[in-house]
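The values are calculated or read from the model by the stated rules, or taken from the named source; none is laboratory data. This is a predicted model, so every value here is computed, not measured. FYI the Cβ positions are ideal-geometry reconstructions off the backbone, even for glycines, and counts take in every protein chain you see. Heads up: the accessible areas ignore ligands, DNA and RNA and are worked out on the full protein's heavy atoms, side chains in. Shrake-Rupley method; radii C 1.70, N 1.55, O 1.52, S 1.80 Å.
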Amino acid sequence: MIGNDIDKKSIKALAQLIEQCNNVVITCHVKPDGDAVGSTLALFHILSTLGKAAHIITPDSPPRSLRFLPGCKDIIPLSAQEDFCKSLIDKAELIFCLDFNAINRLDKAASVISGAKARKVLIDHHLYPEPFADITISRPTESSTCALLFKVICALGLRPLIDKKTAKCLMAGIMTDTGNLSYNANDPDLYTITGDLLRLGVDKVNLWERLNTKSLSQLKLNAFAIDNRMEMLLNGRAALITLTAEELKNYNYVKGDTEGLVNIPLSINGVAVSVFMHEEPGFIKVSMRSKGEFPVNRLCSEHFGGGGHLNAAGGEFKGSLSEAVDTLHRVLPEYSGFLPHID
Ligand code: 5GP
Ligand code: MN
């Protein structure tokens with residue numbers, strides 16, 4: 001049965017906390033993606049159905065591309081409404097932290113959330129969760145927080161509360177973190193869950209169309225990056241794409257426009273590591289993907305101020321773009337022993 005393998009003690013404690021609370025805040029990592037937004041919204045719908053006064057507070061705004069998800073317009077970004085968010089956090093008895101493992105992933109919301117008196121519950125699938133929560137349900141083997149959340153909802157006996165809109169949010173997260181069930185997608189449970197979500201009325205075909213839709217300038221920016229700003233490393237086993245702030249501006253870049261770009265080089269024959277770096281005000285945002293056992297989380301934590309999963313990681317490099325590129329050139333060969341064999 002789905003959810004049976006979630007730690008019973010945690011579920012019992014969580015059920016008690018939910019029962020006792022009224023004011024709840026749900027939060028997720030900065031630059032929220034489909035899994036972060038999908039999981040916070042799904043939990044929001046469940047808690048609202050239970051009659052709780054729930055609010056979603058994100059460090060910054062969700063990307064425009066996700067605003068179609070049911071409830072997304074009610075998300076309150078701390079960056080836009082700091083005082084209101086602080087008052088909600090102050091009033092909360094329970095704070096759910098979804099889809100991140102370290103408090104600094106909350107960016108400017110980190111101090112206010114970590115300083116809150118509310119009990120905290122972490123539900124997440126990233127490696128090495130920091131011990132900041134009262135209850136930690138962490139499963140790095142899960143493809144997405146949404147898949148894990150579905151299991152937690154089942155374990156809590158709340159599966160009957162998942163309606164069509166909640167199902168849509170959960171499916172959006174699963175599809176985002178598995179590239180529409182194409183990677184991290186070997187867990188048979190995933191198909192039991194997605195089958196269940198489809199039976200609840202989710203239109204997966206339409207949902208993927210929405211999640212995968214790009215603006216013309218976004219498509220052109222991605223094409224420009226691959227055509228002009230991609231360099232092959234490690235004898236064609238790795239690819240690096242870089243974009244300067246000026247290049248982003250030339251294509252009217254808005255947040256989220258390069259989402260997915262880092263995955264594309266992995267479709268090149270033989271490429272097992274893909275790195276994308278772009279200039280942000282004050283730092284270089286680094287994003288990495290890999291195949292097999294190549295640990296991009298290690299590469300990111302050891303050299304690029306970040307971390308993440310074995311095959312999907314990121315970081316913030318303090319320095320210039322050319323310094324970040326030089327660092328990669330210098331350190332990447334040290335990891336070449338992890339490259340998967342080509343058959
Ligand atoms: P993305 O490349 O999509 O921005 O991030 C992929 C994964 O890398 C995220 O799910 C997260 O686990 C991790 N990640 C991205 N950026 C950072 C960062 O700045 N710090 C840390 N610790 N992890 C990051
Ligand atoms: Mn996720």
- Dipole magnitude of the stretch 146-294, debye to nearest 20 (Cβ charges: Lys/Arg +1, Asp/Glu -1, about Cα centre): 380
- What net charge do the residues around Glu93 carry, taking every other residue with its C-beta under 9 Å from that of Glu93, with Lys and Arg at +1 and Asp and Glu at -1? +3
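Within a Cβ distance under 14 Å of Val271, other residues only, what is the Lys/Arg minus Asp/Glu net charge?
Details: positive: Arg237, Arg289, Lys291; negative: Glu231.
Once all neighbours under 14 Å are counted, the net charge is +2.
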- Taking the chain as the reference, fit the longest principal axis to its C-alpha atoms, fit the long axis of helix 34-49 to the helix C-alpha atoms, and give the angle between the two in degrees, 0 to 90, nearest 10. 10
- When DSSP beta bridges are limited to those with both residues in the chain, what percentage is antiparallel, rounded to the nearest 5? 45
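Carbon and sulfur atoms: what percent of the 1.4 Å accessible area of the chain do they account for? The partial results should precede the final answer.
Working: 7880 of 15580 Å².
Carbon and sulfur together cover 51 percent of it.
Would you mind working out the accessible area per residue for the chain, using a 1.4 Å probe, and quoting it in Å²? Mind showing how you got there, number by number?
On the way: 15580 Å² over 343 residues.
Per residue, the chain has 45 Å² of solvent-accessible surface.
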- Query: Which whole-number percent is the relative contact order of the chain (Cα, under 8 Å, 6+ apart)?
  - Reply: 13
- Of Lys52/Lys214; Lys164/Lys249; Lys8/Lys117; Lys12/Lys86; Lys73/Lys285; Lys73/Lys204, pairs whose Cα-Cα distance is over 31 Å: Lys52/Lys214; Lys164/Lys249
- Task: For the stretch 70-134 and the stretch 232-253, write down the distance between their C-alpha centroids in whole Å.
- Result: 32
